[in-house]
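The values are calculated or read from the model by the stated rules, or taken from the named source; none is laboratory data. Bear in mind that the values here come from a model prediction, so they are computed numbers and not experimental data. Backbone-built Cβ (ideal geometry, glycine too); neighbour counts: all protein chains shown.
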Amino acid sequence: MSIQELFPTGKPHVSFSEIKQWKECSYRHKLTYIDKIDMFKDSPYLHFGTAVHEGCETLIETGKVDRDKILGVMKESWQKAGFEDPAWYSKQPGWYKHQPVEEWESWANNMWDEVLGFLDTQLPGWECFKAEEQLYEEIENLDKDLSFKGFIDAVFKVPKKRGKGHEYWIVDWKTAGAYGWRRDKKQDLGMTAQLILYKHFWAKKHNIPLSDVRCAFILLKRGAKPGKLCDIVNVGVGPKTYAKGIKLMRNMIKSVRKGMFLKNKHSCKFCPYSGTEHCT
């Protein structure tokens, strides 16, 4: 059986980013992952997020971060992409507000200054179990073999507040605006399913009871006031929520295999295909 027969994307696995995009618009998923039409648009947010993630990874592993090196790479990529060029940022959507790269560097430094202290407060006694852990686990109970692929930003081992032993926290770093996330975003299955699925497959990989695994997003907020740069969004994964996350993944797989691709007009605003020859 060829890989193409396994799944229409031509890959033997699915990722959360695929599932999220399918949930937002299954037709967009088709254009991206099946038709493989590349409409990627570079942005400062991507370069900044990569730099901040790298710094957080080294911080939790070593307690230190090579700021000059990481920010130097970010600044160099900034220049290559032309983000400081008025010809570039004058063409951006109305919501985009240009900030010089030095401002972004300041935001990153401020975030790194607060991360470890924030973890000490939120996860007392934490230790880094693993930074940047890859998942590649078989999805159970499918007619045709398929795996789930993901990358967990951090797993912390934390003493239980009650009783003996430890629990494990799966954490995903997210850069955000100064005010963090709205309540509806915090509760959106399109966001929380990421950690639900990570929890499911990570617990399976390590043979750890689901009851000993917890999940959270840690928001790192650009331009927030000192002492307010970090925020935690706990993702409660009770039986109903857990079932919804698994069902979302299975529905995506079933729909894509059946070739069901519907356009969602409510997700056109930030879609790179909107208004192009690929989607009118």
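Assorted remarks:
- Qualifying residue in segment 236-255 (condition: over 27 Å from T32 (Cβ atoms), in contact (Cβ under 8 Å) with a residue 24 or more places away in the chain and not polar (S, T, N, Q)): yes
- Taken over segment 43-66, the criterion of being touching a helix residue (DSSP H, G or I) at 6+ places or on another chain (Cβ under 6 Å) and charged (D, E, K, R) is satisfied by E54 alone.
- Pairs, first hydroxyl-bearing (S, T, Y) in segment 95-118, second surrounded by 15 or more Cβ atoms within 10 Å (Cβ to Cβ), C-beta under 7 Å, six or more apart: Y96/Y89
- Looking only at segment 113-151, and only at residues there that are among the polar types (S, T, N, Q) and not in a loop (DSSP other than H, G, I, E, B), the one that is farthest from E61 (Cα to Cα): S147
- Single residue of segment 152-173 satisfying the filter (out of contact with any helix residue (DSSP H, G or I) (no Cβ under 8 Å at 6 or more places or on another chain) and either small (G, A, S) or part of a strand (DSSP E or B) (or both)) that is modelled with the lowest pLDDT: G163
- In segment 123-135, the residues that are on the phi > 0 side of the Ramachandran plot form Cβ pairs under 7 Å with partners that are modelled with pLDDT of 95 or more, at six or more places apart or across chains, as follows: G125/V158; G125/P159; E132/E57; E132/F151; E132/D153.
- None of K221, K225, K244 is out of contact with any Asp or Glu (no Cβ under 7 Å at 6 or more places or on another chain), surrounded by 14 or more Cβ atoms within 10 Å (Cβ to Cβ) and not acidic (D, E) except K244.
- The set of residues in segment 198-228 being among the small types (G, A, S), part of a helix (DSSP H, G or I) and within 21 Å of Q134 (Cα to Cα) consists of A203 alone.
- Every condition in (1) surrounded by fewer than 12 Cβ atoms within 10 Å (Cβ to Cβ); (2) at pLDDT below 95; (3) among the basic types (K, R) is met by K11 except one, and the failing one is (1).
- When residues of segment 115-141 are limited to those that are surrounded by fewer than 16 Cβ atoms within 10 Å (Cβ to Cβ) and among the polar types (S, T, N, Q), the one farthest from D153 (Cα to Cα): N141
- Whenever a residue of segment 144-162 is without any contact (Cβ under 8 Å) to a residue 24 or more places away in the chain and under 23 Å from Q122 (Cα atoms), its partners that are of a type outside the set (G, A, S) and surrounded by fewer than 20 Cβ atoms within 10 Å (Cβ to Cβ), lying with C-beta atoms within less than 8 angstrom and at least six residues away or across chains, give the pairs F151/E132; F151/E133; F151/Q134; K160/H166; K160/E167.
- From W107, W112, W88, residue being aromatic (F, W, Y) and either in contact with a helix residue (DSSP H, G or I) (Cβ under 6 Å, 6 or more places away or on another chain) or loosely packed, with under 12 Cβ neighbours inside 10 Å (or both): W112
- Residue in segment 241-259 that is among the polar types (S, T, N, Q), out of contact with any helix residue (DSSP H, G or I) (no Cβ under 8 Å at 6 or more places or on another chain), in a helix (DSSP H, G or I) and under 22 Å from D143 (Cα atoms) present: yes
- Flag not set for N234, criterion: over 21 Å from Q21 (Cα atoms) and over 19 Å from the mean Cα position of the chain (by Cα).
- Of all residues in segment 179-203 being out of contact with any Phe, Trp or Tyr (no Cβ under 7 Å at 6 or more places or on another chain) and among the polar types (S, T, N, Q), the one that is surrounded by the fewest Cβ atoms within 10 Å (Cβ to Cβ): Q187
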